[in-house]
Every structure is written in C-alpha cells, then in structure tokens.
1. Any chance you could run the full-extension gain for I331 through T192? It's 0.36 nm times the residue separation minus the Cα-Cα distance, nm to one decimal.
2. What ranking do V166, V95, V337 get, fewest neighbouring Cβ atoms within 10 angstrom at the top?
3. Based on the Cβ-Cβ distance from N119 to D366, what FRET efficiency comes out when R0 is 30 Å, to the nearest 0.05?
4. Report the full-extension gain for the segment E213 to S90: residue separation times 0.36 nm, less the Cα-Cα distance, to one decimal in nm.
5. Can you tell me the dipole magnitude for segment 13-119 around its Cα centre, using point charges on the Cβ only (Lys, Arg +1; Asp, Glu -1), in Debye to the nearest 20?
6. Hey, fewest Cβ within 10 Å first, where do V343, V309 land in order?
7. Using amide H atoms built in the peptide plane, which far-off residues or other-chain residues are under 5 Å from K375 H to H?
8. So, counting K/R as plus one and D/E as minus one, what does the shell of residues with Cβ under 12 Å around T60 add up to?
Amino acid sequence: NYTFDTHDYEGEVLYGIDVSIDPEYRGLRLGRRLYDARKELCEQLNLKSIILAGRIPKYTDHSADHTPKEYIEKVRLKEIHDPVLSFQLSNDFHVIKVMRNYLEGDKSSEEYAVLMEWNNIYYDKNPKLINTRKSVVRLGLVQWQMRPLANVEALFEQAEFFIDVVSGYGSDFALFPELFIAPLMADFNHLTESDAIREIARYCEPIRKRFQELAISYNINIITGSMPLFEDGNLYNVGFLCKRDGTFEMYTKIHVTPNEVHYWGMVGGNEIKTFDTDCGKIGIMICYDVEFPEMSRLMADEGMEILFVPFLTDTQNGYTRVKHCAQARAIENECYVAIAGCVGNLPKVNNMDIQYAQAAVFTPSDFAFPSNGIKAEATPNTEMTLIVDVDLDLLKQLHEYG
C-alpha cells in the first residue's frame with residue numbers, strides 16, 4: 001500500500017526500503033557499505049533477517065525468451081546481469097518468491113519484483129540475560145609430566161594444581177591427557193600388564209567424583225583425559241566430561257590400538273556422540289580415534305565446534321600421526337581441535353616407559369585463521385599448560401561464507 005503503517009516495533013525482521021547512491025558517487029562501492037551497515041544493524045538488534053523486495057529492471061529485455069523464474073536463475077548463474085538483482089545476490093541475499101504487480105507502471109521489470117532475504121546467522125531466538133553463550137572460549141590444556149605418585153591423593157593434588165592454574169586464567173575448559181593416571185600402576189608392577197591396569201581401574205569412580213567436585217569448585221568444565229574402566233567383564237578406555245554445573249557425561253575410546261589389545265586386553269566402545277556445554281557443542285575423541293575421519297564427520301554433522309583429543313604417545317612418530325590427523329580433522333570439519341598428552345618417563349610401570357607430546361590447538365585453514373592452521377603449541381616434552389582463546393563466531397562465518 002506504499003506506506004509503512006504495518007510496521008511492528010516488536011517484529012523479528014528488518015525490512016529494507018529503497019537504497020540509492022548519488023550518480024556522482026557511484027562506482028565507489030558505497031552501496032555495498034550501506035548494505036553492510038544494514039546487516040550490522042540487524043545483528044546488533046538480534047533480528048532474524050532482512051527482507052526486501054527488489055525490482056528486476058532488465059527483465060523486459062529478456063521476457064520474450066524467459067519466464068521470471070528462468071530469468072532469476074540466469075542472473076544467479078551470472079549469464080545475465082541485472083543491476084538490482086545481481087547486486088542483491090552478491091550481498092548474500094537469497095530469493096524467496098516472485099512478486100506480481102509490485103510497482104504499477106514499472107515497464108522495465110514488467111511489474112515483477114523479487115522478494116529476498118538475508119539471514120542473520122547470529123540470531124538468538126531466546127536470548128539470555130545471564131549465562132549467555134560465549135563467542136570466545138578459553139581452553140586450558142595440561143601437558144602432564146609422568147612422575148611417581150605415592151597414592152591417588154597425590155594424583156588429586158597434582159591435578160588440582162593444574163585446574164587451579166588454568167581456571168585462574170579464566171579458562172572454560174581444562175583438558176587432561178589420555179591415561180595420565182598410569183603412575184598409579186607402579187604399586188602393581190609385580191603383576192602382569194593386564195592385571196596391573198585392572199587394579200587401577202578401581203580408581204575410575206573416585207577420580208570421576210573428585211573431578212566433578214573440582215569442576216564446581218573452580219567453575220570450569222573438565223575433560224578428564226582417560227582412565228581404565230572394568231565393566232561387565234570388559235576393560236574400556238574411558239573419560240568424563242565433568243561440567244561446572246555439577247553434571248557429567250562419559251565418553252569411550254572406540255578404536256583401541258593393537259598395543260592396548262595385546263598388553264591389556266582392552267576393547268573399544270560403540271557410541272559416537274557430541275556434548276552440549278555452556279560454551280557450545282563439543283566432541284571428544286581419545287588418541288587413536290582421531291585417525292579415523294568418519295567419527296569427527298558425524299560429530300560435525302551434529303554441530304560440533306570444538307574437538308578435544310586427549311592422547312598418549314611414546315615416540316615422536318606416534319605423536320606425528322596424532323598431530324597431523326588432528327589438523328586434518330580441523331580443516332575437514334571447520335572446527336577447532338585441541339590435543340593434550342603426557343610427557344616424561346615412567347620407569348617403574350611396564351608398557352608405559354616413555355612418552356612424547358606437544359599440546360596444541362589447531363584451526364581451519366582460511367583467511368580468519370592462522371596461515372598454518374596452528375593457533376598455539378606448547379613446548380615439546382615439557383610439563384606446562386597451554387592457554388588458548390578460540391572464537392566460535394569465526395566458525396559461523398566460515399560455515400556461511402567460507
């Protein structure tokens with residue numbers, strides 16, 4: 001009706017009216033800047049999208065050969081240039097429908113127009129006033145030194161030290177390595193390897209409970225690396241996501257190595273899943289699992305933004321496999337991948353003598369990220385923490401426009 005008397009101040013869509021550039025200043029890409037300003041306003045107001053109707057002024061030159069639908073497709077494929085529609089498509093608007101009798105007397109468009117929409121990928125239908133989802137997430141990776149431990153309390157003391165450190169830097173996650181509790185096997189070194197690891201499996205439940213308490217006390221989500229779990233006659237390699245809200249979830253290594261089968265008689269799990277956290281959806285894969293791309297692909301399909309990989313490798317060769325496969329997973333799935341392992345020697349534990357690790361955070365390979373796909377790396381084979389910020393909004397932009 002050529003008016004805006006139906007405007008709703010509580011609406012969720014920004015409607016675009018005419019934008020034009022003084023002929024004297026055309027060719028300076030000012031129209032694109034005006035459209036970018038519209039998009040920024042839409043994001044700031046947390047509106048769902050921008051809707052507009054655009055004329056198709058070159059249609060009259062092609063109407064004898066093409067229907068409006070065919071014409072729009074030709075413009076989209078850049079076989080025809082339309083000064084209005086081509087510009088809108090180049091600004092990431094998509095066609096919703098063709099409108100008839102849009103503007104009376106518009107002979108060049110033959111009174112057709114195209115209803116178009118730009119979607120705000122940051123739109124939040126139910127925005128929270130508190131506990132809002134973070135766009136920048138801080139990761140605290142623990143590069144754990146294998147050392148003799150007198151008992152499980154000594155393990156807790158060392159673990160709490162690292163949790164205190166990374167939480168003191170405001171980390172949202174703490175990542176521990178695979179089988180970092182292995183020093184507890186020293187008391188059972190007189191037994192066979194398979195019996196020794198089954199002895200420390202009894203610590204699984206107390207460790208999980210203690211890490212749950214630490215997650216609450218230090219206000220941090222803790223990924224407990226991994227530890228043996230003996231259940232229903234089978235030995236598994238498992239870990240826990242202990243959330244700072246007091247809840248926990250378990251994950252299981254699916255692809256156990258030939259070494260784990262030969263020395264310990266371990267079996268693999270059978271569940272691939274992602275985890276919802278207060279910092280977005282994450283995935284967790286234990287060591288060897290990261291070498292199988294299908295698993296992370298399924299997690300990415302569920303919306304995974306950060307993949308955590310606790311690992312344990314004895315040589316630089318083994319570490320290299322984990323590192324490069326983790327980098328590949330970051331590139332393939334357009335997500336962040338954080339890895340953390342154990343370092344040092346453990347002379348009084350059979351089958352756990354030496355370790356090699358370098359904690360790191362890997363990124364996709366695109367303009368917004370480091371050119372080598374490495375956000376940060378620890379010093380190799382040295383006990384330390386690695387504190388890294390990752391920006392989840394960059395992933396959204398990559399998924400939408402990359």
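Laboratory data are not the source of any read-out in this text; all were calculated from the coordinates shown. These numbers were taken from a predicted model, which means no experiment stands behind them. Neighbour counts run over all protein chains shown; Cβ positions are idealised from the backbone, glycine included.
1. 45.9 nm
2. V95, V166, V337
3. It comes to 0.90.
4. Here the answer is 39.1 nm.
5. 260 debye
6. V343, V309
7. Amide H neighbours of K375, under 5 Å, 5+ apart: V361, F362, T363.
8. -3
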